[in-house]
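Data first, discussion second: the structure below is written as structure tokens.
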Number of protein chains: 2
Amino acid sequence: MKTAVLITIGDEILSGNTVDTNSNFIATQLKEIGVKVTSIFTIPDDESTIVSTLTKAFEMADVVFTTGGLGPTKDDITKKAYAEFFEDELIFSDKVYEHLRAYLEKRNRLWILEHNKEQAIVLSEAEVFLNYFGTAPCMVLERNGTFCFSLPGVPYEVKPLVKDQIIPFLKAKLSLDHIVTRIVSVVDVPESILSENIESWELALPEHIALSYLPIGTRVKLRLTASGDSQEKLNQELETEIQKLIPIIGDNIIATHEDKIEKILGELLNDRKLTISVSESCTGGELSRLITSITGSSKYFIGGIVSYATEKKVDILKVNPKTIEEFTVVSEQVASEMAKGCQELFKTDIAISTTGVAGPGKGEDGKDVGTVYYTIRIGNDETTSKLFLPHLERIDFMNFVSQKVVQDIVSLLIKK
Amino acid sequence: MKTAVLITIGDEILSGNTVDTNSNFIATQLKEIGVKVTSIFTIPDDESTIVSTLTKAFEMADVVFTTGGLGPTKDDITKKAYAEFFEDELIFSDKVYEHLRAYLEKRNRLWILEHNKEQAIVLSEAEVFLNYFGTAPCMVLERNGTFCFSLPGVPYEVKPLVKDQIIPFLKAKLSLDHIVTRIVSVVDVPESILSENIESWELALPEHIALSYLPIGTRVKLRLTASGDSQEKLNQELETEIQKLIPIIGDNIIATHEDKIEKILGELLNDRKLTISVSESCTGGELSRLITSITGSSKYFIGGIVSYATEKKVDILKVNPKTIEEFTVVSEQVASEMAKGCQELFKTDIAISTTGVAGPGKGEDGKDVGTVYYTIRIGNDETTSKLFLPHLERIDFMNFVSQKVVQDIVSLLIKK
């Protein structure tokens, strides 16, 4: 199997100012064409470190990517390091300059052309992939059969360069194995128990099928990856293995094709022609965001309310003030009335509510940080649950609760 | 300055299934005590690779972290690699086992104790930091003055181990330089122009103060990092440099203390005792999520509506159906009416709206993917703007628009 090494260049990643999402995107794209990322090196904007890391990467892999270090400001020295490593000179490319000019003109930003003209400087032996969403082009280089791509650091520039230009290029240049992946999502079984239950199945897997456990919240994703000549045969083999797995794990399997819980929900709602709405308090909009992050969600997602202030739960969701007085705003009774009010407001088949204390300060009624009640109404059936997650920071809490709520809706729908 | 190397172990990161957020968190924490991360290596669950990467890291740094590879399932071999590298044996720790037992008992999960007992196996010479939010403990090792920490991979287990145990430990063990960082946020000046404008200021910076450019959306964050003996002196020096910078950049500076735009907004709203509400369409809840991600946001954020379905814009936000008919739902007129309706519903000083097409499919009225109108109402003053972002994928689009809207509210408030 062909391998790749990714090199992320940038003090802003090492200092913790920016999370590196490019590596994740590139790895996912490469996996689809059967190229396996074996290492990711994140290094500073330092010329000699870039050169030594390029040297190491060329010893290890068939494909090398660098991201970052191509902007117009002083801390960017990637191109100089490339020139040193490839023993080549930097030249001014009229083609890149012309593209840059047209790019800026179209955006009424021709006035910054002169400030950006260094972007037109590339290695003399480099092939260039033009950047249609930014100013730094991608250089393509080859040495001893290893291909190397220099990418900018901005994620929305990286994505189209990789998807539209680099992946087709690699497909044409390399003779690639096929890789097929399937993910089986299992809920409510701890990883350690699951691993014991499926041990004999796992040991019997053919050599070219690999299994990984990916725990996320209260779910475990089992990832099966197969590599070989024939995509069709690999698909069949994975299907066969999954069919053997289903009777072992049973009802705890919620999906065998899709990976993301919000996508699994979307497919279920589409299949069953159901609509959904959301009323959130402690999740602050994250639950709506999660559901609407899926393309086509406007078919089933009608709307949401973030009723942060208590009086808005009364005004808009028609929660009874007496219920709040008696049980406090973070209570199963309020969660239940919020879901009911939400269902009436949006007129949906399913309505959800969350009410809790994301922290770090206590809520107005003194409930412990990390407490959350949530209600799922499907038609007239209602399920209210409680979570206590004092160990999670605010944003992690909002994410965890939203993931768990969506997971529970899926579980409930599957059992119906 | 003391340095650190982070080693992320896990096929799930390399395959693109999981984004590594641990490295970012650890880097941020280390920066605060003056330890600089010089490299991050992401490597597979492979014993010999782990050993060779540990060897390299020990040559490079004063502190080494590994994350991942400590779970109870088969693909985890980090501990074996540790034993090889440290030429030590793995022993069963009664202390860790007892903690594990108590941990599981408290969570009514004692039934999985036997399946997890391997978590009590540690290196004989390791000091152990107990994990209060998961089953795998952290091993602490030292060789030739370099400290090494083996952490689990789950972010909410990593965070408290680092924050509550490792950072205090390192502070006590290492004699550390102080590091002070300030971020100056600049809007509406392209990075290349900004860099030219401040060039002479930048060249005059003292040696121990470093400058980085961190572009994010239409904002550039200038990060100044100073290191030295006296924290107080460093603070003064940075303040002096920033005071020199302000007259050069002028009104385009929106903050000199805070980094996150949602935090800057929160402080402004708190200072001026203003409340805010949100009505979103194409941002799907992300705008509410962004604002509520800040601790204490319940003081100023009253609530939000995700009016995804067109009729909900009419029902709840009182948008005139004739406006939709005449101008389509993605129009400045609808954005304006949404903001007005939102302000009336939530009775807030500021109300915002977004309406657009996140894609990838066209909206129902045929507007181009990537088009968005947004209105910011402050009291009775209203500003409506348009963005066209066809290059962004759905989730990136939702993020970009939300960031830009919050940035614009800040700009408008500062000018008031």
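Given the C-alpha centroids of segment A:341-416 and segment B:227-294, what is the distance between them in whole angstrom?
For segment A:341-416 versus segment B:227-294, the Cα centre distance is 31 Å.
Calculate how many DSSP beta bridges within the protein assembly as shown are antiparallel, expressed in % of all such bridges and rounded to the nearest 5. The partial results should precede the final answer.
On the way: 98 of 154 bridges.
Counting only bridges with both partners in the protein assembly as shown, antiparallel ones make up about 65 percent.
Using the Karplus curve 6.51 cos²θ - 1.76 cosθ + 1.60 with θ = phi - 60°, what ³J(HN,Hα) values do you get for each residue of segment A:288-303, in whole Hz, with x for Gly and Pro?
Once rounded to whole Hz, the list reads 4, 4, 4, 5, 7, 5, 8, 4, x, 5, 5, 5, 10, 8, 8, x.
How high is the relative contact order of chain A, given as a whole-number percent (alpha carbon pairs under 8 Å, six or more residues apart)?
On the way: 748 pairs, mean separation 43.9, N = 416.
Across chain A, relative contact order equals 11 percent.
Using a 1.4 Å probe over the heavy atoms of the protein chains, calculate the carbon and sulfur portion of the accessible area of segment B:1-121 as a whole percent.
Values: 2450 of 4970 Å².
Here it works out to 49 percent.
Inside 10 Å of the C-beta atoms of B:42-53, what's the mean count of C-beta atoms belonging to other chains? Walk me through the numbers on the way to the answer.
Values: counts 11, 4, 4, 1, 1, 0, 0, 2, 0, 0, 0, 1.
Taking all residues of B:42-53 together, the mean is 2.
Looking only at Cα atoms, what is the convex hull volume of segment B:306-348 per residue, in Å³? Don't jump to the answer; show the numbers that get you there.
On the way: hull volume 2.5 nm³, N = 43.
Dividing the Cα hull volume of segment B:306-348 by its residues yields 59 Å³.
Note down the magnitude of the dipole of segment B:2-173 about its Cα centre, charges +1 on Lys and Arg C-beta and -1 on Asp and Glu C-beta and zero elsewhere, to the nearest 20 debye. Walk me through the numbers before you get to the answer.
Working: 18 positive and 25 negative charges, 150 e Å.
Computed charge dipole of segment B:2-173: roughly 720 debye.
Helices from chain A with mean Kyte-Doolittle at least -0.5 and a Cα length along the axis of 30 Å or more, per DSSP H: which?
Working: long enough: A:394-415 (32 Å, 0.64).
Span-like helices here: A:394-415.
Can you tell me the alpha carbon radius of gyration of segment A:269-388 divided by the globular rule-of-thumb value 2.2 N^0.38 Å?
For segment A:269-388, the normalised Cα radius of gyration comes out at 1.02.
At a 1.4 Å probe radius, carbon and sulfur cover how many percent of the accessible area of segment A:178-255?
Working: 1620 of 3450 Å².
Using a 1.4 Å probe with all protein chains present, segment A:178-255 comes out at 47 percent carbon and sulfur.
Determine, for each peptide in A:368-374, B:312-318, the mean count of other beta carbons within 10 angstrom over its residues, then list the peptides with the highest first.
Working: A:368-374: 21.7, B:312-318: 20.0.
Per-residue Cβ counts within 10 Å, averaged per peptide and sorted highest first, yield A:368-374, B:312-318.
Got the B:Phe169 label distances to the other copies yet, label 7 Å along Cα→Cβ, in nm, shortest first?
In ascending order, 4.5 nm.
Before we go on, tell me the buried accessible area for the A/B pair, both chains summed, 1.4 Å probe, in Å² to the nearest 100.
On the way: alone 20320 and 20380 Å², together 33450 Å².
When A and B are taken together, about 7300 Å² of accessible area is lost.
Can you list the residues, at least 5 places off or on another chain, whose amide H is less than 5 Å from the amide H of B:Gly359, using H built in the peptide plane?
B:Gly370
With a cut-off of 17 Å, note down the residues of segment B:42-56 whose backbone N falls inside the zone around a label point 7 Å from the Cα of B:Arg143 toward its beta carbon.
B:46-56
Report, for segment B:261-415, the % of DSSP beta bridges that are antiparallel, rounded to 5. Could the numbers behind the result be given before it?
Working: 15 of 25 bridges.
Bridges in segment B:261-415 are about 60 percent antiparallel.
Based on the mean of other beta carbon atoms within 10 Å per residue, what is the order of A:396-408, B:220-232, most packed first?
Numbers: A:396-408: 23.2, B:220-232: 17.3.
Top of the packing list down: A:396-408, B:220-232.
What does the highest-first list of B:156-163, A:56-63 look like by mean Cβ count within 10 Å? Intermediate results must be reported in sequence, preceding the final value.
Numbers: B:156-163: 20.6, A:56-63: 17.6.
Per-residue Cβ counts within 10 Å, averaged per peptide and sorted highest first, yield B:156-163, A:56-63.
So what is the accessible area of segment B:261-415 per residue, in Å², with the probe set to 1.4 Å?
Values: 5650 Å² over 155 residues.
Accessible area per residue: 36 Å².
Find the all-direction average of the projected area of the Cα convex hull for segment A:1-141, expressing the result in square nanometres with one decimal place.
Numbers: hull surface 35.8 nm².
Orientation-averaged projected area of the Cα hull: 9.0 nm².
Å³ per residue of the Cα convex hull, for chain A?
On the way: hull volume 76.2 nm³, N = 416.
Dividing the Cα hull volume of chain A by its residues yields 183 Å³.
Just checking the output field for A:210-221: average partner chain Cβ neighbours within 10 Å of each residue's Cβ? Write out the running numbers ahead of the final one.
Details: counts 3, 3, 9, 7, 8, 5, 4, 2, 0, 0, 1, 3.
For this peptide, the per-residue mean of nearby foreign Cβ atoms is 4.
Kindly work out what percent of the DSSP beta bridges joining two residues of chain B are antiparallel, to the nearest 5. Don't skip to the answer; put the middle values down first.
Numbers: 46 of 74 bridges.
Antiparallel bridges make up about 60 percent of those DSSP assigns within chain B.
Give me the three principal axis extents of segment A:257-327 from the C-alpha atoms, as integers in angstrom, largest value leading.
So the extents along the principal axes, rounded to whole Å, are 46, 21, 19.
To the nearest whole percent, what portion of all C-alpha pairs in the protein assembly as shown is separated by more than 50 angstrom?
Numbers: 54634 of 345696 pairs.
So the portion of pairs separated by more than 50 Å is 16 percent.
Got a sec? What order do B:Lys95, A:Lys117 fall in by accessible area at 1.4 Å, biggest, i.e. largest, first?
Per-residue accessible area, sorted high to low, gives B:Lys95, A:Lys117.
At 1.4 Å probe radius, can you tell me the per residue accessible area of segment B:128-187 in Å²?
Numbers: 2120 Å² over 60 residues.
About 35 Å² of surface per residue is accessible.
Quote the charge dipole size of the protein assembly as shown about the Cα centre in Debye, to the nearest 20; the model charges only the Cβ of Lys and Arg (+1) and of Asp and Glu (-1).
On the way: 88 positive and 122 negative charges, 479 e Å.
Here the size comes out at about 2300 debye.
Just need the relative contact order of segment A:47-183 here, percent rounded to a whole number, with Cα pairs under 8 Å and 6+ apart.
Details: 171 pairs, mean separation 33.9, N = 137.
Normalised by residue count, the contact order of segment A:47-183 is 25 percent.
Using a 7 Å offset from Cα along the direction of the beta-carbon, what are the separations from A:Arg143 to the same position in each other copy, nm, ascending?
Label-point separations across copies, in nm and ascending: 3.1.
What residue of chain A has the nearest C-beta to the axis that moves A onto B, and what is that distance in Å, given as a whole number?
Residue plus distance in Å, as requested: A:Gly285, 2.
Could you work out, residue by residue across B:346-357, how many beta carbons of other chains sit within 10 Å of that residue's beta carbon, and then give the average as an integer?
On the way: counts 8, 4, 1, 0, 0, 0, 0, 0, 0, 0, 0, 0.
Mean number of neighbouring Cβ atoms from other chains: 1.
Based on the inverse mean of 1/r over its pairs of different Cα atoms, what is the Kirkwood hydrodynamic radius of segment B:347-416, in Å?
12.8
Keeping the other protein chains in place, figure out the carbon and sulfur percent of the accessible area of segment B:301-354, with a 1.4 Å probe.
On the way: 990 of 2030 Å².
Carbon plus sulfur share of accessible area: 49 percent.
Can you work out the Karplus-derived ³J(HN,Hα) for every residue in segment B:167-173? Use 6.51 cos²θ - 1.76 cosθ + 1.60 with θ = phi - 60°, whole Hz, and x for glycine or proline.
With the stated coefficients, segment B:167-173 comes to 4, x, 4, 5, 4, 6, 8 Hz.
The values are calculated or read from the model by the stated rules, or taken from the named source; none is laboratory data. The shown structure was predicted, so the numbers you read here are calculated from the model rather than taken from an experiment. Every residue, glycine among them, receives a Cβ derived from its backbone with ideal geometry; neighbour counts consider all protein chains shown. Please note that ligands, DNA and RNA were not included when accessible areas were found on the heavy atoms of the full protein model with its side chains. Shrake-Rupley method; radii C 1.70, N 1.55, O 1.52, S 1.80 Å.
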